[in-house]
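K.L.:
The following block contains the structure, expressed as structure tokens.
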Amino acid sequence: MCADELSFRARKIHFSSLVFDTHADTAQRLFFDQFDLGKRDAEGCIDIPRLREGGVGAVFFALWVPVEIMGEAATRRASDLLNAVVKQIEIHDRDLTLATSSKEIRAAQAENKIAVLLGIEGGHAIDNDLAILREFHARGVRYMTLTHNAATDWADSSNDTPRHNGLTEFGKQVIREMNALGMLVDVSHVSDAAFYDVLETSRAPVIASHSCCRTLCDAPRNLDDAMIRALASRGGVIHITFHKGFLSQEYANAARALTSENDSREQAAENAFGENEARKMIDGQRWSDESICAGKLPQVSWEKIVDHIEHAVIIAGVDHVGIGSDFDGAFMPAGMEDASKFPFLTEGLLRRGFGEADMKKILGENSLRVLADAERVGQLLRSEKF
């Protein structure tokens, strides 16, 4: 098959598939910059035109709360982000629809609309209160990433000194309540011990919404092969993310050598932008790109994403791998700068010898299936109460 034929076949497969991105941080832009999703933008990674060009049919917008914000303020920030997303869905109802179930994603696909889903990133947003968790669920939230880069009062983070050796008893109550609600439990960002506590506690399959393979890039945020196997053995899905520092060992090593320079850059961004996380992220992407041009950091190709997908499939099986870009929340590799570039992934998978059915699973069907599994477990658990 010549290159043009392969590219044509890949696009045909891609645009006939459900492409489901399980993690994007665009809500920060919507809240802080009042960004209009309807307009193609020169900055950032996601808007409706680029989602359409990329063939994206469903996307989880993460309601990310920085770990420095705690208590009622954390709950309020998550709520503000949620409101900003819902406002854009209402403004652009010809293109977007809020989806709260696997069936609603299918309905959106049939109507040629983009299904927008909501996920909390950082369990401190519920302020140690299951009633707040239930309230967020009632407002449409369908997963929660248990931690971010610091431990909560009930779960340890992969980027922080352990406080609990995994989950506390309350942390296990959180998992059980999420199961009963039919919410997906997201283990991206948790410590290894917390990961295994989640698997032991959860009655529903769980996800890693945006994590890569530690064998290929030794970052604590990534999952090692044993974790990937364990996740898959319980029906879960690892969603490969696009951040350069999780894809490439060479980039991660070089970035660590520039820690002092990056710390200074982050402080300058903090002084310039304050709480505006959207501006700080765009500034960070610019710094990464400029450091690559200056030869301080190595270039990372989008094909590294395919490397991690391929490895995860070997370890977990093709039914347990998906995609979670972290668009607008991380530093993107060359050739995958925004959502319009998604078709390259399908072409890359086709070049590696993946069949059409398997590509459709990776692009979105696995994510839809695990959401439906969580819903079924929730229905079962709720029926057991009565």
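K.L.:
Using alpha carbons only, how many angstrom separate the centre of the stretch 340-367 from the centre of the stretch 101-169?
P.N.:
So the separation of the two Cα centres works out to 26 Å.
K.L.:
Here is a follow-up. Grab the alpha carbons of the chain, take their convex hull, and tell me the volume per residue in Å³. Before the final figure, lay out each step's value.
P.N.:
Working: hull volume 50.7 nm³, N = 386.
Once divided by residue count, the hull of the chain is 131 Å³.
K.L.:
Ok, one more. Residue separation times 0.36 nm, minus the C-alpha to C-alpha distance between Ala3 and Ser301: what's the value?
P.N.:
On the way: separation 298, 0.36 × 298 = 107.28 nm, distance 1.90 nm.
Taking 0.36 nm per residue and subtracting the Cα distance, the gain is 105.4 nm.
K.L.:
I'd like to know which of Phe20, Cys2, Gly71 lies farthest towards the positive end of the charge dipole of the stretch 1-76, counting +1 on Cβ of Lys and Arg and -1 on Cβ of Asp and Glu.
P.N.:
Of the options given, the answer is Cys2.
K.L.:
Which sequence of Glu356, Glu68, Glu135 reflects their accessible areas, 1.4 Å probe, from the largest down?
P.N.:
Values: Glu356 80, Glu68 150, Glu135 105 Å².
Largest to smallest exposure gives the sequence Glu68, Glu135, Glu356.
K.L.:
So if R0 is 30 Å, what FRET efficiency would Glu275 and Arg134 give, r being the distance between their Cβ atoms, rounded to the nearest 0.05? Can you show the working numbers first?
P.N.:
Numbers: r = 28 Å, r/R0 = 0.92.
Calculated value: 0.65.
K.L.:
Just the accessible area for His14, please: 1.4 Å probe, Å², rounded to the nearest 10?
P.N.:
Surface accessible to solvent at His14 totals approximately 0 Å².
K.L.:
As an exercise, use a Förster radius of 56 Å and the Cβ-Cβ distance of Glu111 and Thr161 to find the FRET efficiency, rounded to the nearest 0.05.
P.N.:
On the way: r = 48 Å, r/R0 = 0.86.
The calculated FRET efficiency here is 0.70.
K.L.:
While we're looking at this one, here's another question. On full extension of the chain, what length is gained from Asn149 through Arg94, given 0.36 nm per residue of separation minus the C-alpha to C-alpha distance?
P.N.:
Result: 16.1 nm gained on full extension.
K.L.:
All other residues with a Cβ under 12 Å from the Cβ of Ala3 taken together, and with Lys, Arg as +1 and Asp, Glu as -1, what is their net charge? Intermediate values should be presented prior to the final figure.
P.N.:
Details: positive: Arg9, Arg351; negative: Asp4, Glu5, Glu347.
Cβ neighbours under 12 Å give a net charge of -1.
K.L.:
At 7 Å along Cα-to-Cβ for each site, give me the label-to-label distance between Arg76 and Asp33 in nm.
P.N.:
Here the modelled spin labels are 2.5 nm apart.
K.L.:
Per residue, how much accessible area does the stretch 151-272 show when a 1.4 Å probe rolls over the protein heavy atoms, in square angstrom? Don't skip to the end; give the middle numbers.
P.N.:
Working: 4460 Å² over 122 residues.
Accessible area per residue: 37 Å².
K.L.:
Compute the relative contact order of the stretch 3-63 as a whole-number percentage, counting only Cα pairs closer than 8 Å that sit 6 or more residues apart in sequence. Display every interim value, and only then the final one.
P.N.:
Values: 57 pairs, mean separation 27.6, N = 61.
It comes to 45 percent, rounded to a whole number.
K.L.:
Compute the signed sum of charges (Lys and Arg +1, Asp and Glu -1) over the other residues within less than 12 Å, Cβ to Cβ, of Asp25. Don't jump to the answer; show the numbers that get you there.
P.N.:
On the way: positive: Arg29, Lys280; negative: Asp21, Glu121, Glu277, Asp326, Asp328.
Taking every Cβ under 12 Å from that of Asp25, the sum is -3.
K.L.:
Run through the DSSP bridge list for the chain and note the antiparallel percent, rounded to the nearest 5. Please list the in-between numbers first.
P.N.:
Working: 2 of 33 bridges.
Antiparallel bridges: around 5 percent, rounded to the nearest 5.
K.L.:
Of the peptides 202-215, 224-237, 363-376, how do they stack up when ordered by the mean number of other Cβ atoms within 10 Å, highest first? It would help to have the intermediate numbers written out before the result.
P.N.:
Working: 202-215: 25.4, 224-237: 19.0, 363-376: 22.3.
Most protected by this proxy first, the peptides run 202-215, 363-376, 224-237.
K.L.:
Strictly over 31 Å apart at the Cα level, which of Lys87/Lys341; Lys39/Lys280; Lys296/Lys341; Lys103/Lys244 would you flag in this model?
P.N.:
Details: Lys87/Lys341 26 Å; Lys39/Lys280 21 Å; Lys296/Lys341 26 Å; Lys103/Lys244 34 Å.
Long pairs (Cα-Cα over 31 Å): Lys103/Lys244.
K.L.:
Given +1 on the Cβ of Lys and Arg, -1 on the Cβ of Asp and Glu, and no further charges, what dipole in debye does the stretch 165-233 carry about its Cα centre, rounded to the nearest 20? Spell out each step's value before the answer.
P.N.:
Details: 6 positive and 9 negative charges, 32 e Å.
Taking the Cα centre of the stretch 165-233 as origin, the dipole is about 160 debye.
K.L.:
At R0 = 35 Å, how high is the FRET efficiency between Glu261 and Arg234 if r is their beta carbon distance? Nearest 0.05 is fine.
P.N.:
On the way: r = 42 Å, r/R0 = 1.19.
Approximately 0.25, to the nearest 0.05.
The values are calculated or read from the model by the stated rules, or taken from the named source; none is laboratory data. Remember, it's a predicted structure, so these values are computed and weren't measured experimentally. With ideal geometry, Cβ positions are generated from the backbone for all residues, glycine too; neighbour counts draw on all protein chains shown. Ligands, DNA and RNA are excluded from the accessible area calculation, which covers all protein heavy atoms including side chains. Shrake-Rupley method; radii C 1.70, N 1.55, O 1.52, S 1.80 Å.
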